[in-house]
2 protein chains.
Amino acid sequence: MTYRLYGFGQSGNAYKVALYLELAGLPWELVPVDFFNGAARTPDYLANVNEMGEVPVLVDGERRLTQSGAILMHLAEKHGSFRWTSADERDEILRWILFDNHKFTSYFASYRFMHAFMPKDPDPAIMAFLKGRVDAAYKTLDRHLARDSAFIVGEKPTIADLSLAGYVFYPVAESGIDIAASYPAIDAWRGRIAALPGFKPPYDILPPAPGAGRRP
Amino acid sequence: MTYRLYGFGQSGNAYKVALYLELAGLPWELVPVDFFNGAARTPDYLANVNEMGEVPVLVDGERRLTQSGAILMHLAEKHGSFRWTSADERDEILRWILFDNHKFTSYFASYRFMHAFMPKDPDPAIMAFLKGRVDAAYKTLDRHLARDSAFIVGEKPTIADLSLAGYVFYPVAESGIDIAASYPAIDAWRGRIAALPGFKPPYDILPPAPGAGRRP
């Protein structure tokens, strides 16, 4: 069985799943989504692919799964790679995946989208608001990684790492946020992820969708 | 064993957990957090309660759990109330909990916080940005509820409902967003939740923390 993944290169949320599939050595193929021309918002897409109007969507036989965190939990449980070893560890992984969705990915992704991919320059007040939220979330993770362990939960990489890593490998020019300069523990941690066998950065796995914005 | 829940009345994320404990009839007690005076950001809180600087935190014996979605998954698995009946249903519940954290709760909670609880008036451009995101998320859920079923996943309430319901019972004056007027399917759905035996609105379960903002 070959997985089918709806996605596009600029989506770090799609990259989270694609990276899992690559690192776990699973067969998959891309269903490219022409996101910047509205392909994820058509009535057909909302009715038949994902009512949330988003990527990623993973087709696993008869099932369609959405939300990167739910997909990663599903794949880890099914295939064993990057999985928890106890119920407590699973709760802890889920905790960090939720933090990622609520705070870490969400504000960064919005900030980067407005910085790089909108047709015109964003409002500086909105960007300052989002940047404050990005900083708070990045500092929380940087503190965690500086103190605790090689990976997010313990000494081995799990799907919590793949989730939080979704947006940290894109070119600095896309966000204007230089992780290496500002968040040393996050920078060291992403180096450990980049050293995993089979690792590839986002645009080496997923081709970018056309029609995106102004930069870089 | 009595659960201990760190929270305060204005936090819909704490209310999600408190509502579960009430509806499931479990013994629990509140650890009030003086949020608006910075109690969730002290070095002690970050080191010993929650490094994410947030509520809710649930103390379950020797374990401390954070992130409302992870806590709800833990409680449902342990006690059975509002739980899934298959692995597929669990994935679907988790999908909606992630949507809640990523889009539905997150933008609304930020909007309401700035509308009601900050010391001074927020920037109109930021509010317009957040309101657009709130609308998109609320329309997605309204469409889902209008089309599919009595509750978020199927015909029985699950923890997905308790998660998404976290912020829909607060007074309209706190957000300026009138759910009854704008999102009829969400309005009908919250009526079904309010009819569950043992239901109480937020401030009837959790006393508000002092020192909050300007309104109402």
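The table below gives the values:
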{"quantity": "Enumeration of residues in region A:191-216 that are surrounded by 13 or more Cβ atoms within 10 Å (Cβ to Cβ), assigned to a helix (DSSP H, G or I) and out of contact with any Asp or Glu (no Cβ under 9 Å at 6 or more places or on another chain)", "calculated": "A:ALA194, A:PRO202, A:TYR203"}
{"quantity": "Residues satisfying the stated conditions in region A:39-70, i.e. over 20 Å from B:ALA70 (Cα atoms), within 11 Å of chain B (Cβ to nearest Cβ), assigned to a loop (DSSP other than H, G, I, E, B) and not charged (D, E, K, R)", "calculated": "A:ASN50, A:MET52, A:GLY53"}
{"quantity": "A:MET118 vs. criteria open to solvent by less than 30 Å² (accessible area, probe 1.4 Å), farther than 15 Å from B:SER110 by Cα and either without any contact (Cβ under 8 Å) to a residue 24 or more places away in the chain or not β-branched (Val, Ile, Thr) (or both)", "calculated": "no"}
{"quantity": "Which listed residue is open to solvent by 50 Å² or more (accessible area, probe 1.4 Å) and either within 21 Å of A:LYS16 (Cα to Cα) or of a type in the set (Val, Ile, Thr) (or both), from A:LYS131, A:LYS156", "calculated": "A:LYS156"}
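The values are calculated or read from the model by the stated rules, or taken from the named source; none is laboratory data. Please read these numbers as outputs of a predicted model, since none were measured by experiment. Ideal geometry is used to build each Cβ from the backbone, glycine not excepted, and the neighbour counts take in all protein chains shown. Accessible surface areas use protein heavy atoms only, side chains included; no ligands, DNA or RNA. Shrake-Rupley method; radii C 1.70, N 1.55, O 1.52, S 1.80 Å.
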